[in-house]
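The values are calculated or read from the model by the stated rules, or taken from the named source; none is laboratory data. In this text, all values refer to a predicted model and were calculated from it rather than measured experimentally. As a convention, Cβ positions derive from the backbone with ideal geometry for all residues, glycine included, and neighbour counts pool all protein chains shown.
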Amino acid sequence: MNVVEEPKKMPSVFVIIINWNDYDTTKRCIDSVKASNYSNLKIAVIDNGSKDNSPEKLSKIDGIKLLANSTNLGFTGACNQGFKIAIDQKEDLIWLVNNDVEVEQTTLSTLVSEYIQHPSTGCLSPVIVDNTEEKKIQHACSKYSRLHPSIEETSEIKIAETWQQDTPEQILVWGTAMLVSRKVITHIGEFDDRLFAYLEDFDLCLRAIESGYHNRFTAKAIVYHQAHPSNRPPHYYYYTTRNGILFWKRHHRSKKQLFQSIYWLLDRIKAFKHGSQLGSEQYKALTLGFCHGLSGKTGRFESHMKPTMIQRFIVKVLLLI
């Protein structure tokens, strides 16, 4: 008598998409995810206090679970709501997909297959490509160094593969289309709510490393991500600068390493300042973010927040070092 083996159950995937005043972009993202050839998935869209009638429009889309917040909880706060739902529902895997991303039909199935093949995986990312005709690679992976505090990024596949092979315990990936298991999130915790937005992905990746997991990227899977202009809104410079310091303060407890990491961040600020024509509002936000990072201030950035004269002087002097 021939015994027929039952096909293995496909892991359940809980997709989390955050919307904030950008219905059209989010709708394209949803449509691309729904076209995936991976069937065992659920899509949750979390609206972060939009004022553009997004919740009403999103509520008319079939096949999604909509959660509408009355206020903006930040990317971290909204994603954490999604994490909690996925954990409560005992979903196997969680896929964070930025709303300005469109995915290929095979992206999710490839990521799931890769995750299963590497059981020590913490966070897994596809290659992130511009959604322009040039299809330029934005990001493959990043390499973290604790000895000489720094984060190096690459868009070169060969370099990323070498890093992944030689130093798997140093790999960080963007949260743009990050796949992570419920087991990992239950083990290491959700995003750090203090960060509000930006650097929460690297913080999660590093906590995964510290808990014994390896983060990975795979060149077999691709997502298309909206290309951003060289000059970003003031809140971008505030959060990336402030959260950069909070990140290093959290993961480097020796004063020497902390000072080294702050100087590394100052070099990044210099690159920001000289690499693009920052407007006065962006530079003020960057200055305030640096000072708030040093003082440990967290929470949401508001447009009325400005650095004091003393804060501006401190950053100006540090940039001369």
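Would you mind stating whether Y224 is at pLDDT 95 or above and among the hydroxyl-bearing types (S, T, Y)? Answer is yes for this residue.
For V112, the conditions (1) out of contact with any Pro (no Cβ under 7 Å at 6 or more places or on another chain); (2) assigned to a helix (DSSP H, G or I); (3) in contact (Cβ under 8 Å) with a residue 12 or more places away in the chain all hold with the exception of (1). Apart from one condition, R300 fits all of (1) outside any helix (DSSP H, G or I); (2) modelled with pLDDT under 90; (3) surrounded by fewer than 16 Cβ atoms within 10 Å (Cβ to Cβ); the exception is (2). If the condition is being touching a Lys or Arg at 6+ places or on another chain (Cβ under 6 Å) and touching a residue at least 24 places away in the same chain (Cβ under 8 Å), then region 141-180 contributes only Q170. When the residues of region 246-258 are filtered to those that are within 21 Å of T287 (Cβ to Cβ) and over 17 Å from the mean Cα position of the chain (by Cα), the one that is modelled with the lowest pLDDT is L258.
State yes or no: is D22 over 21 Å from I85 (Cβ atoms), out of contact with any Gly (no Cβ under 7 Å at 6 or more places or on another chain) and touching a residue at least 12 places away in the same chain (Cβ under 8 Å)?
Numbers: over 21 Å from I85 (Cβ atoms): yes; out of contact with any Gly (no Cβ under 7 Å at 6 or more places or on another chain): yes; touching a residue at least 12 places away in the same chain (Cβ under 8 Å): yes.
Criteria met by D22.
A single member of K60, K34, K90 is farther than 23 Å from R300 by Cβ, without any contact (Cβ under 8 Å) to a residue 24 or more places away in the chain, surrounded by fewer than 16 Cβ atoms within 10 Å (Cβ to Cβ) and not aromatic (F, W, Y), and it is K60.
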